[in-house]
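S.K.: One structure coming up, written as structure tokens, with questions to follow.
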Amino acid sequence: MSALIKPTAQTQTVLDRPFQLLIDGAWSDSKSGETLDVVNPADGSVIAKIPAGTEQDVDRAVVAARLAFEAGAWARMTPGDRAKLLWRIADLIEARKEEFAELETLDNGKPITMSTWVDVPAAVAALRYWAGWCTKIAGETRAVDMPGEFVAMTLREPVGVVGLITPWNFPLMSAVSKLGPALAAGCTVILKPAEQTSLTALRLGEVLLDADVPPGVVNIITGLGSVVGAAIAEHGGVDKISFTGSTAVGKSLIGAARGNLKRLTLELGGKSPTIIFPDADLESAIAGAGNSIFRNSGQICVAGSRLYVARNQFDQVVDGLVKFASEFKLGPGLDPATTMGPLVSDAQHGRVLDYIASARAEGASVISGGNAFGTEGYFVEPTIIGDVNPQMRVVQEEIFGPVLVATAVDDLDELAALANDSIYGLSASIWTQDISSAYKLAKKIRAGTITINSGSIAGPNLPFGGFKQSGWGRENGADGIESFTELKTVITAL
Ligand code: NAP
């Protein structure tokens, strides 16, 4: 671990104790006894070991979750008591916020300022938001168009046992954004965090026990996606999967879910455009575009990774972005001065550098950055690529790193077509002072979230999800709750 920057003693104590799987309210080793190394991406050191779960561990978790769903304290708990429980979990995370932030930074690499001011508070706020939903899940009454007298109503019931499979870019936030609505709806859960970043999920497991979540309601199985994730996805005892991750794995889940036709929510990849009109406030637009692609080292599903600017302003905007990029301070996330941490893993580091190499090979020019940074850890310089054409891999494929591809646009009427020239449709951001142009373009862009004169904004009450190959369904708000319920119609003849 970087010699100069160590976690606090409290966080080190957490790292030093053995991590186990949470099944049926108790901690246990994986059936195989095998473990995976947890690597600090800032220097490649091994900081902990986590259990490598197996199919048998998933089986045990599903049995426990089914039992908890059908009988016992959880099945009998009132919505108001579920709300109190969610609120208690939020309070407990908040009370340990420094420790959660340090664990997230050590595990993922992100700057401690981001873990402290974004990841952990957003997770706490989301749990409190979902707590409010417990008492507000409701059906409707409906008219019956038949002779006679009837009362017809719909009931929203929990969908059952749900598998929550999460990625590594916002580990705690992703877990909580699924756990909150699942528990609010009355489901029971098997959570499988990403193998690279399981620490905050495991610490969350301890919080759940401290909060007196009944046994079996939340089970946490760490391990490989190809083993644990696949076993959850194929399991006949799981009623729904809520997945966030790559489009490739998302597609594989469709096949895996076929056996029992389990419900699927898929939050997948993106290749989102940032569009700057000539009349935009350029200072704000440059800062917005820069933040959108470079924060969290570009490992954000809604990162604005494709930039479109009118040709006559291209140099001015790109120069502004080069300056913006040069101001990031790359370093270990635990250093409070760091504004850009490493990528999450050696594999991701190699992948991003391969994309930059592919751009060079295909004839694009690297305007700034373009290299690995430092002698240890998985750092990549914030990178801006120009002279691209729409067929290049860096324009079409999701890189998931701090790499912006910039295109000069000759005809503004082409903007919608350029923005939509992607298999993805997760988000887009438009910068202009002319709100009418902004709305017109927003209507034409096929994406789940569009921001105007702002970088990405997310919150548990704002529906989130993708068009096209960015996913199926929506998380957050009423739509997010509904995705964890089944609708039942009850008709009574009077
Ligand atoms: P990933 O490789 O698809 O992994 C996501 C999760 O799926 C991990 O927990 C992974 O486990 C698991 N997994 C892997 N193979 C599996 C299988 N065969 N069956 C079931 N689960 C399996 O994605 P990632 O690299 O972690 O995350 C980056 C991707 O997530 C990007 O594409 C990004 O756009 C997307 N993302 C989307 C959103 C959104 O809301 N739309 C938000 C954040 C990220 P292991 O890690 O243990 O292999």
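The values are calculated or read from the model by the stated rules, or taken from the named source; none is laboratory data. Because the structure is a prediction, the values reported are computed rather than measured. Reconstructed Cβ throughout: ideal geometry from the backbone, glycine too, with neighbour counts over all protein chains shown.
S.K.: Considering each of 116, 105, 35, 54 in turn, give the residue that is in the same structural domain as residue 173 (by TED's automatic domain parsing) and more than 30 Å from residue 375 (Cα to Cα).
M.R.: Being in the same structural domain as residue 173 (by TED's automatic domain parsing) and more than 30 Å from residue 375 (Cα to Cα) holds for just one of 116, 105, 35, 54, which is 54.
S.K.: Any residue at all in the range 463-482 that's of a type in the set (Val, Ile, Thr) and farther than 18 Å from residue 266 by Cα?
M.R.: Checked against the condition, which is being of a type in the set (Val, Ile, Thr) and farther than 18 Å from residue 266 by Cα, the range 463-482 yields no hits at all.
S.K.: Run residue 370 past the list (1) free of Cβ contacts under 8 Å to residues at least 60 places away in the same chain; (2) at negative phi and report the number of the one that doesn't hold.
M.R.: If we test residue 370 against (1) free of Cβ contacts under 8 Å to residues at least 60 places away in the same chain; (2) at negative phi, just (2) comes out false.
S.K.: Still on this structure: Condition first: under 15 Å from residue 215 (Cα atoms) and out of contact with any strand residue (DSSP E or B) (no Cβ under 9 Å at 6 or more places or on another chain). Can you find one or more residues in the range 45-55 that meet it?
M.R.: no
S.K.: For the range 133-157, name all the residues that are hydrophobic (A, V, I, L, M, F, W, C) and either surrounded by 14 or more Cβ atoms within 10 Å (Cβ to Cβ) or touching a strand residue (DSSP E or B) at 6+ places or on another chain (Cβ under 8 Å) (or both).
M.R.: Across the range 133-157, the qualifying residues are 133, 134, 137, 138, 143, 144, 150, 151, 152, 153, 155.
S.K.: Another question, then. Could you check the range 45-164 for helices (runs of 4 or more DSSP H) lying wholly inside it with 3 or more residues that are under 30 Å from residue 11 (Cα atoms)? Outline the logic, then answer.
M.R.: Details: elements: 55-70, 73-76, 79-95, 97-108, 120-133.
By residue number, 55-70, 79-95, 97-108, 120-133.
S.K.: Given (1) surrounded by 15 or more Cβ atoms within 10 Å (Cβ to Cβ); (2) assigned to a loop (DSSP other than H, G, I, E, B); (3) more than 29 Å from the chain's Cα centre (by Cα), identify the lone condition not met by residue 370.
M.R.: It fails just one condition, (3).
S.K.: Within the range 356-367, track down each residue that is under 15 Å from residue 407 (Cβ atoms) and surrounded by fewer than 17 Cβ atoms within 10 Å (Cβ to Cβ).
M.R.: The answer is 362, 363, 365.
S.K.: Under 7 Å between Cβ atoms, at least 6 apart or on separate chains: pull out the pairs that start in the range 340-359 with a residue that is more than 10 Å from residue 109 (Cβ to Cβ) and end on any residue that is of a type in the set (Lys, Arg).
M.R.: The qualifying pairs are 355/393; 358/393.
S.K.: Scan (1) within 13 Å of the ligand (Cβ to nearest atom); (2) in contact (Cβ under 8 Å) with a residue 40 or more places away in the chain; (3) surrounded by fewer than 24 Cβ atoms within 10 Å (Cβ to Cβ) for the single condition residue 291 breaks and write down its number.
M.R.: In the conditions (1) within 13 Å of the ligand (Cβ to nearest atom); (2) in contact (Cβ under 8 Å) with a residue 40 or more places away in the chain; (3) surrounded by fewer than 24 Cβ atoms within 10 Å (Cβ to Cβ), residue 291 misses (1) alone.
S.K.: Restricting attention to the range 373-398, which residues are within 27 Å of the chain's Cα centre (by Cα) and of a type in the set (A, V, I, L, M)?
M.R.: Matches in the range 373-398: 380, 384, 385, 392, 394, 395.
S.K.: Would you be able to tell me the number of residues in the range 25-54 that are farther than 18 Å from residue 100 by Cα and either among the aliphatic types (A, V, I, L, M) or crowded, with 17+ Cβ neighbours inside 10 Å (or both)? Lay out the reasoning, then the answer.
M.R.: Start the filter on the range 25-54 by keeping residues that are farther than 18 Å from residue 100 by Cα, which leaves 25-37, 43-46, 51-54.
Next, only the ones that are either among the aliphatic types (A, V, I, L, M) or crowded, with 17+ Cβ neighbours inside 10 Å (or both) stay: 25-26, 30-31, 35-36, 43, 46, 51-54.
Count: 12.
S.K.: So, restricting to helices (runs of 4 or more DSSP H) that lie completely within the range 378-460, which ones have at least 3 residues that are assigned by TED's automatic domain parsing to the domain that holds residue 353 and under 27 Å from residue 365 (Cα atoms)?
M.R.: Passing ranges, in order: 393-396, 415-419.
S.K.: Now for a separate question. When only residues in the range 384-397 that are touching a residue at least 40 places away in the same chain (Cβ under 8 Å) and in contact with a strand residue (DSSP E or B) (Cβ under 7 Å, 6 or more places away or on another chain) count, which is farthest from residue 325 (Cα to Cα)?
M.R.: 395
S.K.: Could you count how many residues in the range 446-484 are surrounded by fewer than 20 Cβ atoms within 10 Å (Cβ to Cβ), in contact (Cβ under 8 Å) with a residue 24 or more places away in the chain and more than 16 Å from the ligand (Cβ to nearest atom)?
M.R.: 3
S.K.: Of the residues 168, 130, which is surrounded by 24 or more Cβ atoms within 10 Å (Cβ to Cβ) and modelled with pLDDT of 95 or more? Give the steps one after another, and end with the answer.
M.R.: On the way: 168 fails: surrounded by 24 or more Cβ atoms within 10 Å (Cβ to Cβ).
The match here is 130.
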